[in-house]
Structure formats: structure tokens, C-alpha cells
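Have a look at the structure below before the remarks.
The values are calculated or read from the model by the stated rules, or taken from the named source; none is laboratory data. Note that the structure is predicted; figures quoted are calculated from it, not measured. Here Cβ is always computed from backbone atoms with ideal geometry, including for glycine, and neighbour counts include all displayed protein chains.
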Amino acid sequence: MWGDIAIAFVLAFVVAFVATPYTIKIAKKVGAVDIPKDERRMHKKSMPKFGGPAVILGFIVSTIYLLIVMSMEGTINLFDIDQYGKKLLGFFIGIIIISIFCIVDDIKTIKPITKLIGQLLGAIVAVIAGIRIDGITLPFMNFEEIHEITSVIITILWIIIVTNAINLIDGLDGLSSGISVISAVSLLIIFVLNGSSMVSIVLIAALAGALVGFLPFNFSPAKTFIGDTGSNFLGYALSIISILGSAKTYTAAVIVLPLIVLGLPIFDTLMAIIRRIIKGKSIKAVFKADKGHLHHRLVARGYNQKQAVLILYGISAIFGMFAVILCDSGIWKALSFLLIVIVAIAAGYKNFSPEKTGKENYECIQCKYIYNPKFGNEKAGIPPGTSFQDLPDDWVCPVCGEGKDMFEMHE
């Protein structure tokens with residue numbers, strides 16, 4: 001088993017790592033470039049946003065290779081009673097459908113409702129192929145079997161929610177891809193502990209490997225974005241694989257463990273929906289982007305991009321660890337772990353929170369230029385004594401042209 005996991009991870013990593021530079025070149029040729037046209041965007045210069053196909057290619061190549069080899073060895077049977085062959089066919093067709101919609105969006109931009117139609121079609125194809133949430137098992141409630149119509153509705157909702165959760169949290173360099181890596185590794189551990197099928201274990205290992213291969217190009221300062229093609233694929237893949245890995249494993253919880261693992265992006269998405277409906281006073285407002293996501297709030301509090309991303313990585317890792325401990329050792333050990341972590345964070349929070357005195361120097365992480373409030377930036381019309389926080393939003397580094405979000409406090 002561990003040899004197959006290693007192969008799935010390494011092969012996906014290599015393919016995605018090698019393919020990503022090519023997607024950067026393709027992005028510039030086809031116009032899949034993110035231009036910072038509004039203040040909601042955290043980057044200040046045009047950026048390729050076509051990294052998704054590299055991740056998808058790494059995942060597909062690794063998965064198909066291993067499934068063929070393992071079938072020939074007799075390690076797995078894709079056509080037994082569980083019908084994984086049929087389910088995987090539906091999964092791959094769903095990836096193609098969602099990718100077509102999102103590739104068009106990355107190049108030309110389409111309406112959110114149109115993307116939602118693509119996600120819905122991908123979810124329906126998966127359900128028709130037999131990928132369904134058949135039951136939910138918890139210590140305090142037990143629904144090992146639920147009505148077929150209810151199963152279909154819950155499954156479609158789960159796929160669409162997770163797909164959009166990963167898509168909406170894709171707002172900072174390396175954020176959605178990094179959180180997806182943490183989620184994938186957490187699910188991999190849970191699948192192994194649960195005795196899940198080798199098919200689901202191979203799928204999640206390949207997904208983690210492809211993401212790790214892409215992340216060096218996406219982490220701050222990013223050379224490329226994963227784009228809607230990538231973020232939608234990640235959410236769709238995580239939602240489907242979590243169902244395949246949770247099936248037939250009635251231990252501590254079934255779909256609830258993936259729900260905990262993906263808790264951060266799902267929470268951010270639900271809060272965004274509630275916030276937009278309240279603010280816009282209509283359902284249509286849900287499709288209007290805003291600057292109220294968790295990563296926006298962290299940056300607004302004074303953290304730079306890299307710090308905000310690492311904080312959210314940490315929170316996602318805590319969710320993942322909680323789910324793993326819950327799966328392996330039960331609710332009380334998981335809760336005690338969570339309590340200790342919360343106490344530790346509360347005790348040390350002040351030592352790591354950004355302090356804004358207005359006198360700090362800030363360094364550009366790209367060219368190492370240091371902005372000193374004492375001198376300001378007179379060529380740009382910034383008088384001496386102007387704190388970094390008081391600089392205009394459109395101010396850029398006088399050396400390399402990077403925006404304010406590419407600066408961090410200089411000690």
C-alpha cells in the first residue's frame with residue numbers, strides 16, 4: 001500500500017512541477033491573465049492564472065497509471081460490486097465538464113451563474129455514476145442508510161459547496177493550493193486509518209502530490225495563479241474523493257470527517273453567503289464578490305500576504321489534526337487536543353499580532369527596497385513622516401513596481 005501511495009504522490013508531483021512553467025507560457029498566449037482591476041484583488045500586477053491544467057494533468061497521469069498497473073496486478077478490481085470503474089468514469093467526465101466552463105472563464109470571464117451550471121452538471125454526472133453519500137454515522141445519531149432522493153440532494157449540495165469553498169478562498173498567493181494540500185494529507189491519513197478502498201487512497205495521494213508540485217510556483221511571491229480551472233477542480237476532486245473514501249467505513253463518522261477537514265474554507269464560504277445576502281438584501285447578492293473573506297480581514301489587520309497565508313495554513317492544519325484524532329482516538333481526546341491548542345493560541349496571540357505604531361520600516365520582498373516613514377517617497381509625492389499604513393492603495397515600490405501587499409515589516 002505505502003509503495004502505491006509513494007508512486008501516486010511522486011508521479012503527480014513530477015508531472016505537475018514540470019508542466020507548470022508551460023502553463024505560464026500558454027496563459028500569456030491565450031490571455032488567461034489576472035489583471036488587478038479592483039481593490040478586492042490582493043496583487044498589483046498582471047499574473048498568469050492557468051496553473052490548474054498542470055495540477056489536473058499531474059493528478060490524471062498519476063491516477064490512470066496506477067489504476068492500470070494495480071488492475072493488472074490484481075490489487076484492485078474496478079468492476080466488482082462497488083463499481084469503482086463506473087464511478088471513476090463519472091468523476092473524470094465531471095472534471096472535463098467543469099474544466100471546460102472554467103477554462104473559458106479564465107480566458108474570457110463568464111458569469112458566476114454560468115460557472116454554477118457547470119458545477120451542477122459535474123455533480124449530476126458524478127451522482128448518475130453512483131457516487132453518493134449513502135449514510136451519516138455519528139456518536140449521537142446514526143443514519144447508515146438514507147432515502148435515495150435525499151442521498152442525491154445531499155451529494156449534489158456537498159459537491160457544489162466544497163467546490164465553491166475552495167474557489168472562494170483562492171485570494172492570496174498559495175492559499176487555496178496550500179489548504180488543499182493540508183486537507184488532502186489529512187484525508188489520506190483518515191482513509192488509511194479507516195481502511196478505505198485503495199482507489200480512494202491512490203486518488204487523494206495523487207491530488208496531494210500534484211498540489212505540492214504546483215505550490216513552489218504559487219507560494220508568495222507567486223509566479224502564477226491556479227485560476228478558476230484549478231480551484232474548481234480542487235474543490236470538485238476533494239468533494240468526490242471524500243465520498244469515495246468515506247463509503248463503507250462506519251467508524252467514528254462518515255462524511256463528517258471530511259467536513260471537519262474542510263472546515264476552514266466551508267466556514268468562510270457560508271459566512272460569505274450570509275454576509276452578502278444581509279448586505280445585498282437579495283439572493284442575487286451571493287454572486288457579488290466582496291472583500292470580507294478571512295484572508296482579506298487578516299491583511300486588513302496588518303498581516304502581510306505571507307503571514308496571512310501561514311496563519312490560515314495553521315488553522316486548516318488544526319482542523320485536519322482534530323479530524324484525524326477524532327477518527328483514531330475518539331471525541332474526548334480530539335476535544336482535549338483542541339482545547340489545549342486554543343489555550344496556547346490565546347496565551348501567545350499578543351506576541352504575534354501586528355503592531356502599528358506608524359514608525360516601522362517595511363521591506364519589499366521582491367527587490368529588498370526598504371520604505372522608511374522618516375523619509376517618505378518624495379518622487380511619488382509621499383512626504384516625510386507618512387506611515388506605511390497611510391500610503392495610498394495604488395502606491396508601488398519605486399524600485400521594482402510591486403504593490404503594498406508585497407511588503408513586510410523590516411526589523
- Would you please list the contacts, defined by Cβ atoms under 8 Å and residues six or more apart or on different chains, that run from a residue in segment 58-86 that is closer than 14 Å to residue 3 by Cβ and in the same structural domain as residue 241 (by TED's automatic domain parsing) to a residue that is buried (at least 17 other Cβ atoms within 10 Å of the Cβ) and among the charged types (D, E, K, R)? 66/4; 70/4; 75/4
- Go through the residues of segment 81-89 one by one and say whether even a single one is within 25 Å of residue 158 (Cα to Cα) and under 23 Å from the mean Cα position of the chain (by Cα). yes
- Pairs only if they're at least six apart or on different chains, beta carbon under 9 angstrom, first in segment 92-109 and more than 18 Å from residue 166 (Cα to Cα), second assigned to a helix (DSSP H, G or I) and β-branched (Val, Ile, Thr); list them, first residue then second. 92/60; 92/63; 92/64; 93/125; 104/114; 107/30
- Query: So which residues in segment 311-333 are in a helix (DSSP H, G or I) and more than 13 Å from residue 186 (Cβ to Cβ)?
  - Reply: 311, 312, 314, 329, 331, 332, 333
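Go through the residues of segment 324-334 one by one and say whether even a single one is over 24 Å from residue 408 (Cα atoms), assigned by TED's automatic domain parsing to the domain that holds residue 267 and of a type in the set (S, T, N, Q).
If we filter segment 324-334 for residues that are over 24 Å from residue 408 (Cα atoms), which is where we start, we get 324-334.
Those left that are additionally assigned by TED's automatic domain parsing to the domain that holds residue 267: 324-334.
Those still in the list that are of a type in the set (S, T, N, Q) too: 329.
The answer is yes; a qualifying residue exists.
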- Task: Could you tell me which of the residues 306, 333 is touching a residue at least 12 places away in the same chain (Cβ under 8 Å) and of a type in the set (Lys, Arg)?
- Result: 306
- Query: What number of residues within segment 170-183 satisfy the criterion of being in a helix (DSSP H, G or I) and not polar (S, T, N, Q)?
  - Reply: 5
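This table checks each residue for (1) within 10 Å of the chain's Cα centre (by Cα); (2) among the hydrophobic types (A, V, I, L, M, F, W, C); (3) assigned to a loop (DSSP other than H, G, I, E, B).
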| site | (1), (2), (3) |
| --- | --- |
| 146 | no, yes, yes |
| 156 | no, yes, no |
| 165 | yes, yes, no |
| 185 | no, yes, no |
| 192 | no, yes, no |
| 202 | no, yes, no |
| 217 | no, yes, no |
| 232 | yes, no, no |
- Message: Kindly evaluate residue 48 against the criterion of being more than 25 Å from residue 223 (Cβ to Cβ) and not charged (D, E, K, R).
- Response: no
- Considering 226, 201, which residue is of a type in the set (Val, Ile, Thr) and within 13 Å of residue 166 (Cα to Cα)? 226
- Query: Restricting attention to segment 43-62, which residues are surrounded by 16 or more Cβ atoms within 10 Å (Cβ to Cβ), at pLDDT below 95 and either more than 21 Å from the chain's Cα centre (by Cα) or of a type in the set (Val, Ile, Thr) (or both)?
  - Reply: 44
- Residues within segment 255-287 that are under 21 Å from the mean Cα position of the chain (by Cα), surrounded by 15 or more Cβ atoms within 10 Å (Cβ to Cβ) and modelled with pLDDT under 75, tallied: 2
- Query: Within segment 123-141, is there a residue that is more than 19 Å from residue 227 (Cβ to Cβ), out of contact with any helix residue (DSSP H, G or I) (no Cβ under 9 Å at 6 or more places or on another chain) and either modelled with pLDDT under 90 or part of a helix (DSSP H, G or I) (or both)?
  - Reply: yes
- Message: Suppose we filter segment 288-328 for residues that are acidic (Asp, Glu) and at pLDDT below 80; how many remain?
- Response: 1
